[in-house]
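Student: Sharing a structure with you now.
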Amino acid sequence: MPSKAKPVYKGGERMKFIEMLHHKSHFSKTEVERLLQMLKQQCPNSPKIRMDRNKFNDFVHKNFEMTDEMIVDRVFRAFDEDNDGFINELEWVKGLSIFLRGTMEEKMKFCFDVYDMNADGYISREEMFHLLKNSILKPATEEDPDEGIKDLVEITLKKFDYDHDTRVSFDDWTKCVNEDNLLLEALGPCLPNLKTKNAFLELVSDAQHDTGMSISAQQKLKGKVTY
Amino acid sequence: VYTSVMGQALQRAAQWTSAKGGSGGKLEFTKLNEELLNSIIQYVDGFGAKYADESKLVFKKPLTWQTTVSPDAISAPGLEDRGGDKISEAKADKDQPLFSIKRDGSDNECSAMTMEYCEQVLRASGDKKMIEIRACLEANRDPVANMLGERFATVEGDDNSIFRFIEEITKEIEQLAKQHAENEGNTEKQEEIEEKKLVLKMRLILLRLDQQLLNQSIAQITKDVRLTPIMVDGEVTILQELSGDDERKHVLETIDFWGDGYIFKNGCRAPPQRQLHGDIAYIEVRPFDGNMLYITANTSGYYLNKGPDNRGDMNYEKEGDAYRELVTLLKDKSAHFTEMIDKQEFHLKVQEKDDYMDARRVEEDDDDRESTAGYRPDRSKQKAEEDSKDKGQKQKAQKKKKLEPSLKWKALGMEEYQEPDKRETQKLKKKKTSPRMKTKTPVDAEDSFSESSTESEEEEEAVERRSETNADLPSEYWQIQKLVKYLKGGNQTATIIALCSMRDFNLAQETCQLAIRDVGGLEVLINLLDTEEVKCKIGSLKILKEISRNTQIRRAIADLGGLQTMVKILRDPDKDLKCLAAETIANVAKFRRARRTVRQHGGIKKLVGLLDCPIVSATSPEADKDAEVARSGALALWSCSKSKKNKEAMRKAGAIPLLAKLLKSPNENMLIPVVGTLQECASEPSYRLAIRTEGMIEDLVKNLKSQSDELQMHCASAIFKCAEEKETRDLVRQYGGLDPLVSLLQKTENKELLAAATGAIWKCAISPENVTRFQELRAIEQLVGLLNDQPEEVLVNVVGGLGELAKDPPNRMLVRKAGGIPPLVNLLTGTNQALLVNVTRAVGQCAEEQDNMVIIDKLDGVRLLWSLLKNQNPDVQASAAWAICPCIENAKDAGEMVRSFVGGLELIVSLLKSDHREVLASVCAAIANIAKDEENLAVITDHGVVPMLARLTNTVDDKLRRHLAEAIARCCNWGNNRTAFGREGAVAPLVKYLKSQDENVHRSTARALYQLSKNPENCITMHEAGVVQPLMKMVGSQDEDLQEASAGCIGNIRRLALANEKARYS
């Protein structure tokens, strides 16, 4: 299947590119090829192989059950390293590498980037407020609904802010998350959960393909990634 | 100074004197008021720092009072000195300054219109804060009205003022907004609204204080009014002392408890079904004037009931009011009582409950009585512990313990209700003596409880202490409450944050643990376990694991069905989750009901499943995880294995081979729960067998040499229990386990370890081969060294070990040379039953040697042994009687010595009425020895020893038969005892003894028959019973004694027959 992909580069260059992606990610070369193929299928008509925001939204919704628009938007930005509004092949592979096989360090960095909205290296009170504002389901009757969120922000800040500068630096973040892994996605789920992750890995991983992917899995692959 | 602001609390809760003079009443000087005032002081102090804006809010009317603070003491910016008075420059309106303090004779008048100034006065008053607050509150009965205006005055009934006020503000804000929209900005109006908002905020702040104070006083009040069994007993005891026949001197004719006099463990006398209604006891009072009064003592107070009906059943219906004190009730019912009781004012001091010393005395009386009745023998220990604690706390703790009768009763089930017979009580007593160490002593074979450890019983006693902790809610309480709110109302993100933040509190602290429960946190945490979110489950379990160290939390978790959910989680694929669930179960399953729940929901099987982990030598994260899962499973099984049925379930689930495999682990953390579980299960014979046959003894022995005291202790403890069996004892020796056991005797600091090690030595010493090794290791000397200054748990085993070792004659000398005899004899004066059984045995063994006997005699040891025959416990009686035998044998002038014990012979004969076989056998043996002395034989004959022995002859117990026959043989040597035995029908049954399998029985029986055959009547009886045939066989025995006695007996019968024949033909 991967061999059918129309090469964007000439053969040798293409191989080098895949080689490079393999080194920059946790995927094998064949896995990289499969992922690229997948990306290509997402954008059948565009001249460039890249994914725009809408397609990305649909993609993570379908495959990773991520629905929170704000968070998905932030995840998109974290994928989109060059900030051009599209996810190109490099960004695609690197992003999914963290998503699916990321080490703790990578994931911590990824989550921090997601939460650090203005990319200034700190998660501020305001950013937290923004991220947490929908996290209280039951509106408190007797008080201003924002009051509860503010309170929650203070609690969170107290938890994370090691150096007491009323904002969370990446250092603060790593210290805290290392201490308690539960806090990795403290400000909103931005990584796939175990179930969806495994389901998706099934589509791309070598282990599955080596043992001969079943017809149904192939169909599933097609169904999932094309629409 | 003041801020006293809390309307309802002051109005209702604070205790005002009834005389309302002047501007208001006076606050009574009571503990409650003092506490309220203290809270208010704390509140005002620091008010400005917490609520900066509010503290500047100008009151509607000043708070004015006489202060002890001098104007000079107050200096603040904005204060103007006017001829000694201080007046603030800022004015409320017209010429009313915000603050003034004026000299006015000795007292100064102070008037403040903001919290800020109040706070300043309070601060200036130094250590007189309390006086100041008191003066302010007395002068301003409703401070809220002064501060915020009459609309907020404290009123009875529903207070809607706040809601009206809120409406008003909202309306005004809307109006303002409208005006704003029409571009008619009205800054004045806006300011007004701002001020109103401030007022509202202030009011809310004050309301909170109010609520806090009310809570506090409720806690205080409830504590005051509830009656406890101790109080009831105390009051009745005192009144009993004042009662009697003399109308001129006594207050009542009689007063006593109604009923059968049975006191439940919780101190209540009322039957359980009535205890559920709060009844503590019923009191029967006969006053000098009037009819019998029947009074119910209920936790809510004393009241009259309808008394017993014709059939003697109590009619519990309440008649009339409840009184807080018995005396008050009686004063109402009996004029004579009122008159007399007033004259007894002096004695009645005891009545006052807040008089600590007296209350304590009463309590102690109470304790003594209870312990003699056998209910709380562990009291003395407990008391010693408690003495070190704060006295007040002790009062509280003890009172509390008795406060909740029904709870404990429920937990223990109905076993306690039926008056247990003496033996059962004894057993109970034994169990209670060492609640903590109990696991280390072998389990009573006839133990009817399914528990192998009494830890649970300890826990059943854990009662609610909620009201106590509520009195002063720490700040953690409020913070935790907030976090729980987010747990309830937040999405996953908020939940995780709240869970992680909660762990930042010190969850090992009881305040935090109970705070979580009290604000409903447990329900939420347990509900989270049912969600799909792995992270939430992990977060929740991490908290539950910590707080379940608290006994009350454990119960609550079980009540909320947490165990069922956790058991389900044990099947989860996530290993972290499994571990946490198992560890939490380990904590919760520390009481019986929880253990049962785990079993009934299939938890045992799943936990056993966790044990199945591959042991790999190479460490990898994955293998570590697996080991961790197995370890947590073992931890949970350890807790669960305290119930007998769980042990069974574990065995069926295949736990034994898995435990055996884990026992090979090199990891101490793994070994401790594994060995802990094994030693717990070793109370079951099936496990003991398995431990031996699965080759676990070797590993247990190996780990005796571990670095960890705890592991060593569990290993020793497991060996202690397993070494009941001979094969196991041999294995311990073969694997070289005796050496490390003896070297553990050096660890004198760790008493639990010492108890386990000495226990193992004791049991191992039952095998003679082991005794030899112990001798080589000089164990005797070391054990003797431990006879002093050790807790009873250790002593029991040390003495037990010495008793076993001294069975080997050379060791008896070693005990003497090591100086062991005096401490052993000294221990005969103790009270611990298990210890006494062992001590008597050890002393008995030592007495087998003449030289030892001299020392024992010198120390008056025989007298001590003899007095133990009076002990209530048949095991002690029997053991003492056995020990007496060698003493009599080996003492010089034994006959004289025995006679010197006043009433001693009568006592020992009377023990023949016992229905305990071992006691009977031992007493027979002792009597056989006593009867060697003719004079003593005469005495015991007078005490009726013959018919009593004769009555026992129908027994089938070989041990008893042997000693009984021996005693009969010896007793024949006096007067017409032979004839008497014949008359009492002792002869025919003895003949049957010859059919026994036991040679010893044959020997003593033949001796007895020989003695009896000297009487012709007996010969006839014997002959008729067919004695000749078996005796003929015994003449051919290898045993010369037996030969001789048999031949003698046959000879006597023969001679009688010949004489008969001769008489007939002559």
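Student: Could you tell me which of rounded, prolate or oblate describes the range B:631-701, using a ≥ b ≥ c as the square roots of the eigenvalues of the alpha-carbon gyration tensor, with rounded for a/c under 1.5 and, failing that, prolate when a/b is larger than b/c and oblate otherwise?
Tutor: Judged from the Cα gyration tensor, the range B:631-701 comes out oblate (a/c at least 1.5, b/c at or above a/b).
Student: With a cut-off of 8 Å between alpha carbons and a minimum separation of six or more residues, what is the relative contact order of the range A:1-112 in percent?
Tutor: Here the relative contact order equals 25 percent.
Student: Once phi is turned into ³J(HN,Hα) by the Karplus curve 6.51 cos²θ - 1.76 cosθ + 1.60 with θ = phi - 60°, what whole-Hz value does each residue of the range B:633-646 show in order, with x for glycine and proline?
Tutor: Once θ is set to phi - 60°, the couplings for the range B:633-646 become x, 5, 4, 5, 5, 4, 4, 5, 6, 7, 9, 4, 5, 5 Hz.
Student: Could you check how much of the accessible area of the range A:107-183 is carbon and sulfur, as a whole percent, using a 1.4 Å probe?
Tutor: Using a 1.4 Å probe with all protein chains present, the range A:107-183 comes out at 51 percent carbon and sulfur.
Student: Per residue, how large is the accessible surface of the range B:984-1053? Use a 1.4 angstrom probe and give square angstrom.
Tutor: 48 Å²
Student: If you don't mind, another one. Where the accessible area of the range B:33-128 is counted over protein heavy atoms with a 1.4 Å probe, how much of it, in %, is carbon and sulfur?
Tutor: Roughly 44 percent, rounded to a whole number.
Student: Rg to Rh ratio, the range A:142-195, alpha-carbon atoms and Kirkwood radius?
Tutor: Here the Rg-to-Rh quotient is 1.05.
Student: Each residue of the range B:196-207 in order: what ³J(HN,Hα) in whole Hz does its phi give by Karplus 6.51 cos²θ - 1.76 cosθ + 1.60, θ = phi - 60°, with x for Gly and Pro?
Tutor: 5, 4, 4, 4, 4, 4, 4, 4, 5, 4, 5, 4
Student: Which whole-number percentage describes the relative contact order of the range B:720-829, with Cα contacts under 8 Å and a sequence gap of 6 or more?
Tutor: Once divided by the residue count of the range B:720-829, the mean separation gives 27 percent.
Student: Using a 1.4 Å probe, how large is the accessible area of residue B:565, given in Å² and rounded to the nearest 10?
Tutor: The accessible area of residue B:565 comes to roughly 10 Å².
Student: Still on this structure, please answer the following. So which of A:16/A:94; A:150/B:535; A:158/B:568; B:265/B:763; A:109/B:606 end up more than 27 Å apart, counting from Cα to Cα?
Tutor: A:158/B:568; B:265/B:763; A:109/B:606
Student: While we're here: When the Cα atoms of the range A:107-183 are enclosed in a convex hull and the volume is divided per residue, what value in Å³ results?
Tutor: Here the figure is 93 Å³ per residue.
Student: Starting from the Cα of residue A:166, step 7 Å along the direction of its Cβ; do the same at residue B:938; then give the gap between the two resulting points in nm.
Tutor: 10.8 nm
Student: Hey, another quick one. For residue B:335, put the label point 7 Å out on the Cα→Cβ axis and report which residues of the range B:291-309 keep their amide N under 14 Å from it.
Tutor: B:291, by backbone N distance to the label point.
Student: Quick one: accessible surface of residue B:974, probe radius 1.4 Å, all protein chains present, in square angstrom to the nearest 10.
Tutor: Accessible surface of residue B:974 is approximately 90 Å².
Student: Full-extension gain between residue B:1038 and residue B:530, please, as 0.36 nm times their residue separation minus the C-alpha to C-alpha distance.
Tutor: That works out to 175.0 nm of additional length.
Student: At a 1.4 Å probe, which residues in the range A:143-170 are at least 30 Å² less accessible with all protein chains present than in their chain isolated?
Tutor: Buried on complex formation: A:151, A:152, A:155, A:159.
Student: Based on the Cβ-Cβ distance from residue B:896 to residue B:246, what FRET efficiency comes out when R0 is 56 Å, to the nearest 0.05?
Tutor: Efficiency, from the Cβ-Cβ distance: 0.60.
Student: Taking the range B:222-261 as the region of interest, what is the percent of Cα-Cα pairs per 10 angstrom bin, listed from the shortest bin to the one with the maximum distance?
Tutor: Reading upward from the zero bin: 27, 41, 26, 6.
Student: Related question: I'd like the interface area for chains B and A: accessible area of each alone minus the complex, both sides summed, 1.4 Å probe, protein heavy atoms only. What is it in Å² to the nearest 100?
Tutor: Interface area, both chains combined: 1800 Å², rounded to the nearest 100.
Student: How much accessible area per residue does the range A:107-183 have, in Å², with a 1.4 Å probe?
Tutor: Accessible area per residue, the range A:107-183: 52 Å².
Student: Taking the Cβ of residue B:661 as the centre, find all other residues whose Cβ is under 11 Å away and add up their charges (Lys, Arg: +1; Asp, Glu: -1).
Tutor: Result for the neighbourhood of residue B:661: -2.
Student: From Cα pairs below 8 angstrom and at least 6 apart in sequence, can you work out the relative contact order of the range A:107-183, rounded to a whole percent?
Tutor: 32 percent
The values are calculated or read from the model by the stated rules, or taken from the named source; none is laboratory data. What you see is a predicted model; the values in this text were computed from it and never measured. Here the Cβ is made from the backbone with ideal geometry for all residues, glycine too, and neighbour counts use every protein chain on show. Note: areas computed on protein heavy atoms with side chains; ligands, DNA, RNA excluded. Shrake-Rupley method; radii C 1.70, N 1.55, O 1.52, S 1.80 Å.
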